[in-house]
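Colleague: Following this message is one structure expressed as structure tokens.
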Amino acid sequence: MADGLLGIPRIAYAKAQVNRNKSLDVSKLDVSFGGFTPMPLNDGMATREQVLSTEARIRERREAALRAQALQDACTSDSRHFVDDAGTDWEYVVLSGSSIRIERCSHAEGEVAIPDSIEGLPVCSLAPDACSSLEDVTSIVVPEGVLFIGGCAFRFCKRLECVVLPRNLATFESDWFRGCPSLSRLRMPGLLEEVGPSLFDIPHLEYVEFGAALSRVEPGTFQKSRLIGISIDSENPWLQTDGAAIYSKDAKTLLALACPLTSYAVAPSCTMIARKAFSSFCNLAQVELPNSVEVIGPYAFARTAVRTFEAPSALREIGERAFFACASLESISLNEKLQVIKADAFSNSSISSLRIPNSIVEIGYPVAARTSLVYAGEDATFTLDPGSERLILDESGALYELQGDGMKLLCLFDSEAKRFEAAEGTTEVAPGALLNHAALEEVVLPEGVRIIGAAACKGCRALRRIAIPGGVVEMGAEALMDTALESLHIPASLEKIGENALVTYNAHNGKRQPTLRKVTVAQGNARYEEKNGMLLEKWSNGKARVVVNTDSRECVRIPEEVVAIAPYAFNGDRNIRELYLSNRIKLVGMRGLAFQCFIELIHIDLEEPIEGHTCFDVRFPEIDRSVKQIELAFSVPDHVSVEAILDHYDGSIVSGSSYDAMVDGGIGLYDQSKMIIARLKDPVLMTPSNRSMCDRVMRSNLVDIIVQAARHDDRQVVDDMLDLGYLTKDNIDTVVERAGDVQDAAMTGYLLEVKRRFFGSQLMDFDL
């Protein structure tokens with residue numbers, strides 16, 4: 001085991017020597033997402049000893065977890081007390097007659113060692129708060145036999161400076177030490193495999209010792225670190241340290257700087273800087289990189305104070321946001337072997353010029369957003385060295401990839417451009433080539449372009465004009481999504497429009513009316529046609545799909561051949577008043593029919609008759625609530641559902657609170673009752689729940705409904721109430737009396753006649 005932290009001096013570790021332990025090589029650490037997976041070096045073959053050692057460690061950790069769970073589930077004895085030689089009182093219980101759990105420690109001070117056994121039985125567990133609020137304790141040593149520590153076990157020990165946790169413990173919780181402001185030294189559990197940022201919920205930690213099982217360091221773990229030094233068990237087969245940073249065992253990958261230094265020299269053998277290795281060390285101004293470094297991972301130096309960056313001679317790749325938000329970074333010198341620079345590598349920095357070597361094969365966009373770089377014109381400070389066999393950067397700041405038959409537009413670096421004209425010879429627009437260019441208003445593509453990639457112009461919210469050249473055969477998914485296009489011409493050559501390609505600005509979330517209001521299709525296009533204000537995709541079986549609705553007409557008739565609706569095809573449309581469709585539509589994409597307006601008439605033709613009906617005409621009540629109900633009615637996944645439409649219609653008409661004409665401009669009880677009566681007389685596809693709610697509305701408002709009918713001289717309502725069983729022998733007198741209050745002699749007489757005919761002449765009361 002390496003020297004423990006409890007005895008190491010308080011020294012700086014900036015220039016500490018890397019410990020090169022060659023007994024076991026480990027490489028190929030997966031740093032893409034911060035996971036460090038131990039694998040053998042060189043030929044990729046592990047020795048038998050390595051395999052056996054790894055398997056033994058896995059078994060050990062698994063067994064420890066099982067033992068810890070068993071301790072939690074064990075039967076306990078009555079509480080007992082034990083006073084050790086130092087006068088410390090230990091309250092404990094016996095677990096299943098074989099081990100001890102410490103319940104509470106009291107009267108402790110100074111350096112405390114938790115007893116390893118009591119009554120001849122091993123101490124295996126600490127209860128929650130077992131050693132909490134010990135204000136005079138300065139250090140605690142937990143015995144090796146402890147397998148489980150409960151929550152907040154050491155909290156509020158205000159003078160606690162040092163804690164040694166056992167090797168056989170496989171977990172760590174920062175809340176064990178909540179409210180311990182003096183804790184500066186900690187030996188982590190020996191079986192702990194992973195460490196994360198929660199370690200620094202202990203605010204004043206200065207020294208940490210890690211065990212032999214540690215194999216994963218979560219990216220960004222040390223961003224809040226105040227450490228002066230660390231150590232790692234020399235038997236650890238995966239990791240090592242120089243006292244300030246954590247490396248893979250072979251010292252080829254720097255996983256994380258652990259101590260907040262102002263300068264640091266990376267080990268000469270290092271070939272990779274891992275994800276977030278130096279991230280957020282805001283005082284780190286200088287890092288010496290050896291020429292052996294080949295890869296700088298994502299966010300590696302983000303939000304540091306580095307002032308200059310001179311790329312190592314072997315560097316091949318700079319990851320996404322590697323130097324993001326390095327406000328002090330002013331000078332960058334890139335090497336001749338560099339091949340890849342990912343997106344935002346130098347964004348939010350202070351650089352004023354950037355020269356890209358001709359060895360580059362990939363540049364992400366944006367590479368340096370929110371800097372003073374100039375991308376276009378003679379004064380450009382963003383340049384690509386001549387002589388590249390793969391890439392071309394033109395005067396407009398557009399980057400192209402050379403291909404056998406032409407050029408592929410990769411990206412436009414000039415984010416301020418309002419108009420962009422692609423170079424002659426362009427045959428393809430790469431996915432995301434103009435993504436999120438907020439200033440672009442017009443794009444001109446030359447003849448010869450055949451493919452417009454996915455998300456090519458997505459998010460160009462000022463883009464109003466783009467002409468699709470006659471030779472284009474494919475437009476990728478989301479190609480023109482979230483643009484401000486007002487019209488579009490589909491050439492005869494176009495064979496494929498990807499999903500959501502024509503969903504214009506905010507139409508996908510319905511916040512405003514779609515801008516695309518006109519689509520024309522060239523004669524001779526075998527795949528697409530414009531019909532009834534909709535762009536249709538024709539299928540070989542004679543069926544069709546609505547790609548997008550572009551018309552602002554109030555009456556929309558979805559063609560009979562349509563059996564599918566693309567996602568967001570009608571989303572956001574607010575002009576529709578009459579809608580004609582059928583339940584033959586079996587495929588509806590996300591929010592494909594999410595109308596956000598009041599539709600006065602929904603006409604549904606049926607593929608097969610339902611209870612004698614070949615169609616339905618549904619008229620929702622004209623109230624605010626109906627807009628939401630209509631939207632929900634068409635939100636059933638995958639198909640047009642008559643059941644869902646009628647269900648939401650029923651829900652709308654029985655919601656009495658929505659019929660206060662004085663509050664929401666809706667309809668009154670009389671109109672509501674007529675709608676309910678119509679449904680009850682023909683309750684096709686009416687759910688038991690909705691039927692019950694309709695019945696409740698009618699019964700609870702019976703007298704008021706008759707009074708309203710009397711005021712409208714509507715005898716049909718009376719007849720319907722009688723036929724439906726709401727007018728009965730028990731309530732007819734009350735109804736007649738209340739109708740008489742309206743002073744409508746004709747209606748009163750009619751009710752009296754109903755009373756005589758249906759409930760017996762002997763009940764007639766001529767006093768009325």
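The values are calculated or read from the model by the stated rules, or taken from the named source; none is laboratory data. As the structure is a computational prediction, the values presented were derived from the model and not from experiment. Note: ideal-geometry Cβ built from the backbone for every residue, glycine included; neighbour counts use all protein chains shown.
Colleague: Just a yes or no: is a residue in segment 683-693 within 14 Å of ASP671 (Cα to Cα), surrounded by fewer than 18 Cβ atoms within 10 Å (Cβ to Cβ) and either more than 52 Å from the chain's Cα centre (by Cα) or touching a residue at least 40 places away in the same chain (Cβ under 8 Å) (or both)? Working first, answer last.
Modeller: Looking only at segment 683-693, we keep the residues that are within 14 Å of ASP671 (Cα to Cα), and these are none.
No, because not a single residue in segment 683-693 is within 14 Å of ASP671 (Cα to Cα), surrounded by fewer than 18 Cβ atoms within 10 Å (Cβ to Cβ) and either more than 52 Å from the chain's Cα centre (by Cα) or touching a residue at least 40 places away in the same chain (Cβ under 8 Å) (or both).
Colleague: To continue, here is another question. Considering segment 600-637 alone, what residues qualify as being over 16 Å from ASP650 (Cβ atoms) and touching a helix residue (DSSP H, G or I) at 6+ places or on another chain (Cβ under 6 Å)?
Modeller: Listed by number, the list holds a single entry, ASP624.
Colleague: Which one of these is touching a residue at least 40 places away in the same chain (Cβ under 8 Å) and either within 23 Å of PRO469 (Cα to Cα) or crowded, with 18+ Cβ neighbours inside 10 Å (or both): LEU435, LEU445, LEU393?
Modeller: LEU435
Colleague: Let me ask something additional. Answer yes or no as to whether GLU442 is closer than 20 Å to GLY589 by Cβ and of a type in the set (Asp, Glu).
Modeller: no
Matching residues to (1) of a type in the set (A, V, I, L, M, F, W, C); (2) more than 30 Å from ASP482 (Cβ to Cβ); (3) touching a Lys or Arg at 6+ places or on another chain (Cβ under 7 Å):
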{"residue": "ASN571", "(1), (2), (3)": "no, no, yes"}
{"residue": "LEU587", "(1), (2), (3)": "yes, no, no"}
{"residue": "GLU600", "(1), (2), (3)": "no, yes, yes"}
{"residue": "ASP605", "(1), (2), (3)": "no, yes, no"}
{"residue": "CYS615", "(1), (2), (3)": "yes, yes, no"}
{"residue": "VAL627", "(1), (2), (3)": "yes, no, no"}
{"residue": "GLU631", "(1), (2), (3)": "no, no, no"}
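Colleague: Can we say VAL295 is surrounded by 19 or more Cβ atoms within 10 Å (Cβ to Cβ), under 34 Å from the mean Cα position of the chain (by Cα) and farther than 22 Å from SER350 by Cβ?
Modeller: yes
Colleague: Report the residue count in segment 250-294 for those that are over 28 Å from SER184 (Cα atoms) and in a loop (DSSP other than H, G, I, E, B).
Modeller: 12
Colleague: Moving on to the next point. Can you spot a residue in segment 269-283 that is within 34 Å of the chain's Cα centre (by Cα), closer than 19 Å to LEU373 by Cβ and either crowded, with 18+ Cβ neighbours inside 10 Å or touching a residue at least 60 places away in the same chain (Cβ under 8 Å) (or both)?
Modeller: Applying the first criterion (within 34 Å of the chain's Cα centre (by Cα)) to segment 269-283 yields 271-283.
After this cut, where a residue has to be closer than 19 Å to LEU373 by Cβ as well, the list is none.
No: segment 269-283 contains no residue that is within 34 Å of the chain's Cα centre (by Cα), closer than 19 Å to LEU373 by Cβ and either crowded, with 18+ Cβ neighbours inside 10 Å or touching a residue at least 60 places away in the same chain (Cβ under 8 Å) (or both).
Colleague: Further question: How many residues, within segment 138-163, are touching a strand residue (DSSP E or B) at 6+ places or on another chain (Cβ under 8 Å) and surrounded by fewer than 22 Cβ atoms within 10 Å (Cβ to Cβ)?
Modeller: Matching residues across segment 138-163 total 10.
Colleague: How many residues does segment 118-137 hold that are surrounded by fewer than 16 Cβ atoms within 10 Å (Cβ to Cβ) and either without any contact (Cβ under 8 Å) to a residue 24 or more places away in the chain or not assigned by TED's automatic domain parsing to the domain that holds PHE172 (or both)?
Modeller: Selection size over segment 118-137: 1.
Colleague: So which residues in segment 736-749 are crowded, with 18+ Cβ neighbours inside 10 Å and touching a Lys or Arg at 6+ places or on another chain (Cβ under 9 Å)?
Modeller: VAL736, ASP744, MET747
Colleague: Given the residues PHE382, PHE420, which is the only one that is within 25 Å of ALA484 (Cα to Cα) and aromatic (Phe, Trp, Tyr)?
Modeller: Result: PHE420 is the single residue among PHE382, PHE420 that is within 25 Å of ALA484 (Cα to Cα) and aromatic (Phe, Trp, Tyr).
Colleague: Within segment 565-604, track down each residue that is part of a loop (DSSP other than H, G, I, E, B) and polar (S, T, N, Q). So that I can check it myself, show each step before the final result.
Modeller: Of the residues in segment 565-604, the ones part of a loop (DSSP other than H, G, I, E, B) are 566-577, 583-586, 589-600.
Within segment 565-604, ASN571, ASN575, ASN583, GLN596 meet the criteria.
Colleague: Tally up the residues in segment 402-416 that are surrounded by 16 or more Cβ atoms within 10 Å (Cβ to Cβ) and more than 14 Å from ILE466 (Cβ to Cβ), please.
Modeller: The number of residues fulfilling the criteria is 8.
Colleague: Need at least 2 residues that are at pLDDT 90 or above and not β-branched (Val, Ile, Thr) per element, so show me which strands (runs of 3 or more DSSP E) inside segment 44-141 make the cut, counting only ones lying wholly within it. Let's see the steps before the verdict.
Modeller: Working: elements: 80-83, 89-95, 99-106, 110-113, 121-126, 137-141.
Qualifying strands (runs of 3 or more DSSP E): 80-83, 89-95, 99-106, 110-113, 121-126.
Colleague: Please go through (1) under 15 Å from SER280 (Cα atoms); (2) in a strand (DSSP E or B); (3) of a type in the set (Lys, Arg) for ARG321 and return the number of the only condition it doesn't satisfy.
Modeller: (2)
Colleague: In segment 166-180, how many residues are over 36 Å from the mean Cα position of the chain (by Cα) and either modelled with pLDDT under 90 or not assigned by TED's automatic domain parsing to the domain that holds ASP116 (or both)? Steps first, please.
Modeller: Of segment 166-180, the ones over 36 Å from the mean Cα position of the chain (by Cα) are 166-168.
Checking the rest, the ones that are also either modelled with pLDDT under 90 or not assigned by TED's automatic domain parsing to the domain that holds ASP116 (or both) come to 167-168.
Total meeting the criteria: 2.
Colleague: I need the full set of residues from segment 723-735 which are assigned to a helix (DSSP H, G or I) and within 24 Å of LYS681 (Cα to Cα), in order please.
Modeller: Once the filter is applied, which keeps residues that are assigned to a helix (DSSP H, G or I) and within 24 Å of LYS681 (Cα to Cα), segment 723-735 yields ASP723, ILE732, VAL735.
Colleague: Name the strands (runs of 3 or more DSSP E) wholly within segment 178-247 that hold at least 2 residues that are of a type outside the set (S, T, N, Q)?
Modeller: 185-187, 207-210, 229-232
Colleague: For segment 402-410, check the following and say yes or no: at least one residue is in contact (Cβ under 8 Å) with a residue 24 or more places away in the chain, touching a strand residue (DSSP E or B) at 6+ places or on another chain (Cβ under 7 Å) and over 26 Å from LEU334 (Cα atoms).
Modeller: Within segment 402-410, one or more residues are in contact (Cβ under 8 Å) with a residue 24 or more places away in the chain, touching a strand residue (DSSP E or B) at 6+ places or on another chain (Cβ under 7 Å) and over 26 Å from LEU334 (Cα atoms).
Colleague: Within segment 195-202, identify whether any single residue is of a type in the set (D, E, K, R), surrounded by fewer than 20 Cβ atoms within 10 Å (Cβ to Cβ) and under 33 Å from the mean Cα position of the chain (by Cα), and answer yes or no.
Modeller: Yes, segment 195-202 has at least one match.
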